[in-house]
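Worksheet: the structure to be examined is printed underneath.
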Amino acid sequence: MRRAFHLWLAIGLVILLIAQAAFTGRPSSEVAGAMTWAMLLIGLPSSVVAYPLALAAVSPFESQGLVPYNSRLVLTLWWAVFFVTGLAQWKIGMWLVGRRKPDGAAGRIE
């Protein structure tokens, strides 16, 4: 389970680095869209909750005309919301796995 978590962390960070490297600041650029799809895929099912949270997180910047397509800061904030909800999902999952009994049995009737 820990290996999968570390793989998820690495993939999430690589997605951010690629998005920042490919960022052009043009509205026609699909960097933010591709990053969103990638984070949606690696973060399921928590990404279903992350998407509306990300919209709420970047909405204060829209009045200044800043959106994930034209601002590195907003793009990073957008990614961070997906990343934090994914971390919460992993934390809950690891907690649930840690609570299991070692033999996998709910209890023995004798």
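With respect to the conditions (1) in contact with a helix residue (DSSP H, G or I) (Cβ under 8 Å, 6 or more places away or on another chain); (2) part of a helix (DSSP H, G or I), residue 24 falls short on a single one, namely (2).
Restricting attention to the range 58-70, the residues that are surrounded by 13 or more Cβ atoms within 10 Å (Cβ to Cβ) and either among the polar types (S, T, N, Q) or not in a helix (DSSP H, G or I) (or both) total 5. Just one of the listed residues (38, 54, 34) is hydrophobic (A, V, I, L, M, F, W, C), in contact (Cβ under 8 Å) with a residue 12 or more places away in the chain, surrounded by 14 or more Cβ atoms within 10 Å (Cβ to Cβ) and more than 16 Å from residue 18 (Cα to Cα), and it is 54.
Applying a threshold of 6 Å to beta carbon distances and a minimum spacing of six or more residues, or different chains, the list of pairs starting in the range 1-21 at a residue that is under 21 Å from residue 73 (Cα atoms) and modelled with pLDDT of 90 or more and ending at one that is exposed (fewer than 11 other Cβ atoms within 10 Å of the Cβ) and among the charged types (D, E, K, R) is empty. Out of 73, 55, 87, 44, one residue alone is in a loop (DSSP other than H, G, I, E, B), among the hydrophobic types (A, V, I, L, M, F, W, C), at pLDDT 85 or above and within 26 Å of residue 14 (Cβ to Cβ). It is 44.
The values are calculated or read from the model by the stated rules, or taken from the named source; none is laboratory data. From a predicted model like this one, the values you see are computed outputs, not experimental measurements. Please note: Cβ atoms are built from the backbone with ideal geometry, for glycine as well, and neighbour counts cover all protein chains shown.
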